[in-house]
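The values are calculated or read from the model by the stated rules, or taken from the named source; none is laboratory data. Source: prediction; values computed, not measured. Positions of Cβ are backbone-derived with ideal geometry, glycine not excepted, and every protein chain shown enters the neighbour counts. Surface areas here come from the heavy atoms of the whole protein model, side chains and all, with no ligands, DNA or RNA. Shrake-Rupley method; radii C 1.70, N 1.55, O 1.52, S 1.80 Å.
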Amino acid sequence: MEPAPSPQEKYHLITRNLQEVLGEDKLLAILKERELKIYWGTATTGKPHVAYFVPMSKIADFLKAGCEVTILFADLHAYLDNMKAPWELLELRTRYYENVIKAMLESIGVPLEKLKFVQGTDYQLSKEYTLDVYRLSSVVTQHDAKKAGAEVVKQVEHPLLSGLLYPGLQALDEEYLKVDAQFGGVDQRKIFTFAEKYLPSLGYAKRIHLMNPMVPGLTGSKMSSSEEDSKIDLLDRKEDVKKKLKKAFCEPGNVENNGVLSFIKHVLFPLKSEFVVLREEKWGGNKTYTAYEELEKDFAEQVVHPGDLKNSVEVALNKLLDPIREKFNSPELKQLSNAAYPNPSKAKPAEKGTKNSEPEHVVPSRLDIRVGKVISVEKHPDADSLYVEKVDVGEPEPRTVVSGLVQFVPREQLQDRLVILLCNLKPQKMRGVESQGMVLCACSLGEPRQVEPLDPPAGSCAGERVYVEGYESGEPDEELKPKKKVFEKLQADFRVSEDGVAQWKERNFLTKLGRVSCKSLRGGSIS
């Protein structure tokens, strides 16, 4: 049995390869007295990719140093971050994350029995935690909350209040998980300093913060789930791994923003304490490096060729991915993966050279649909069959909308009503008045014709985003081009279900509060 590491050896294991440590003196003091309690949290949003091996390898270091480690599946954070995970998918995505993170840890030899796994909503919805959120909101300024989340929370033109709550919840997690330290990427630094500033104002201790550098993606930028070629998915086939590594930025002699070298430094070396460059005999044969600095030096001096480096990483990476692929080959986990991350259907690309070719992706996320509040309704000055409505959609000024609802909805029923508004149609004049949107309505299929505006969930507010289930992460077009007929092609599959829910191809229209519906019409179209 190996002797327990000394406090200094533990400190080295905990801090190696980190970019920054806030609270070094406190860290050393704790290590002289007892084991460190630390947590790492991950918001259950997009599918984890190979860059997640970077924090996994540090978790292995923490365990070697005797730390008590908690892994938080931050499901509520995923929802608060501009609804990157819709409420209906939270539980499925949390289960996916738990399975894939455990598979990653097992693939690098981390004993799961030494780890504690926690789901955020297990405690973040408690009375005590909720009261602390309110207490924190009474002392935190809007400026500080926005600044804290700037590097982590998705930045949009019309930010939601939820994004301002996000940093406060992450700060409170340190207290409610009863840890000494939080570990994360250096992109979390502003949230960490926010926690250090505000937790003491609630009477809670300031924690230690450990930060990993941001590892470049294969293109040389940050590895991202939204940039397909910059990341390798944990379930990618071997041929896909080869293809993506072949495209990876790895310029001869250049060690800056080199994602291939960074992966070796932050994942492969810490796990194996060595790295083998595989080469043919005519190029010198295989060479084993026991220190990363030697490998980087040889690459900088072009002793190691980028092709050999990529091939060697491919072999080592596939050894890590093989057990994960095998585990997720089971019918149960295949089903979970498909349910947690529905595959958006793609329109068939037009043939090359075709005039007026269709857009490659005609998907609902291209539509800018929002909850709107009708703040005034007047008859059109030149058309008795039209209303001119002012609709608040969360912008500085209300939008002017011309609708043909006169014969279907009394004026007093529209006043102050919440509606669903399509906001990125090209503005067009209707009998001399420019209309800046379209109120989406359910329409009966038979005679007499009935029309009824769709209703957002109870408690909705003007400006809240409406999306189709499974298409929550896409960005809407700034303005839909009339000639492309994107809305018309999508609208052909808009329906109201038999239980009154607005749908596209049997996928529900949703807001962060639930389903968009119609009070009385069933089985009709939507226009």
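Which of the pairs Lys429/Lys483; Lys47/Lys287; Lys483/Lys519; Lys58/Lys319; Lys58/Lys178 have their Cα atoms more than 29 Å apart in this structure? Show your work: numbers first, answer last.
Working: Lys429/Lys483 17 Å; Lys47/Lys287 35 Å; Lys483/Lys519 34 Å; Lys58/Lys319 19 Å; Lys58/Lys178 20 Å.
Among Lys429/Lys483; Lys47/Lys287; Lys483/Lys519; Lys58/Lys319; Lys58/Lys178, the Cα-Cα distance tops 29 Å for Lys47/Lys287; Lys483/Lys519.
Just for region 7-212, what percent of DSSP beta bridges are antiparallel, to the closest 5? Kindly include the intermediate steps, with their values, before the conclusion.
Working: 3 of 23 bridges.
Approximately 15 percent, going by the DSSP bridge assignments.
Report the Cα centroid-to-centroid distance between region 301-331 and region 147-208 in angstrom, as an integer.
The distance from the Cα centre of region 301-331 to that of region 147-208 comes to 35 Å.
Å³ per residue of the Cα convex hull, for the chain? Walk me through the intermediate numbers first.
On the way: hull volume 101.6 nm³, N = 527.
Convex hull volume per residue, Cα atoms: 193 Å³.
For a label point 7 angstrom out from the Cα of Arg411 toward its Cβ, which stretches of region 375-393 have the backbone nitrogen within less than 13 Å?
Flagged as within label range: 376-390.
For region 446-462, in order, what is each residue's ³J(HN,Hα) by Karplus, 6.51 cos²θ - 1.76 cosθ + 1.60 with θ = phi - 60°, in whole Hz (x at glycine and Pro)?
Working through the residues one at a time gives x, 9, x, 5, 10, 9, 9, x, 5, 10, x, x, 4, x, 5, 10, 4 Hz.
Using a 1.4 Å probe, what is the accessible area per residue for the chain, in Å²? List each step's numbers first, then the result.
Working: 25690 Å² over 527 residues.
Per-residue value: 49 Å².
Using alpha carbon centroids, what distance separates region 404-469 and region 40-117, in Å?
Cα centres, region 404-469 to region 40-117: 42 Å.
Working from Cα positions, state the angle (0 to 90°, nearest 10) between the long axis of helix 306-327 and the longest principal axis of the chain.
The answer is roughly 70 degrees.
List the residues, sorted by chain then number, that are 5 or more residues from Lys379 or on another chain and whose placed amide H is less than 5 Å from its amide H.
Result for Lys379 returns Val388.
Along region 517-524, what does the Karplus equation 6.51 cos²θ - 1.76 cosθ + 1.60 (θ = phi - 60°) give for ³J(HN,Hα), rounded to whole Hz, x for Gly and Pro?
Karplus-based 3J(HN,Hα) across region 517-524 equals 9, 10, 5, 10, 7, 10, x, x Hz.
How would you order 366-378, 68-80 from highest to lowest mean count of nearby Cβ atoms within 10 Å?
Values: 366-378: 21.6, 68-80: 23.5.
Descending mean neighbour count gives 68-80, 366-378.
Which Rg and Dmax, in Å, describe the Cα atoms of region 7-212?
Every Cα atom of region 7-212 included, Rg and Dmax give 16.4, 49 Å.
Go through region 469-485 residue by residue and turn each phi into a ³J(HN,Hα) via Karplus (6.51, -1.76, 1.60, θ = phi - 60°); whole Hz please, and just put x for glycine and proline.
Once rounded to whole Hz, the list reads 3, x, 10, 6, 8, x, 9, x, 4, 5, 8, 6, 7, x, 5, 7, 6.
I'd like the FRET efficiency for Gln302 and Ser497, computed as 1/(1 + (r/R0)^6) with the beta carbon distance as r and R0 of 56 Å, rounded to 0.05.
Details: r = 63 Å, r/R0 = 1.13.
Calculated value: 0.35.
Quick one: pull the percent of accessible area on the chain belonging to carbon and sulfur, 1.4 Å probe, ligands and nucleic acids left out. Mind dumping the intermediate values first?
Values: 12500 of 25690 Å².
Carbon and sulfur atoms account for 49 percent of the accessible area of the chain.
Please compute the Kirkwood hydrodynamic radius of region 379-525 from all pairs of different C-alpha atoms, in Å with one decimal.
Values: mean 1/r = 0.0622 Å⁻¹.
The answer is 16.1 Å.
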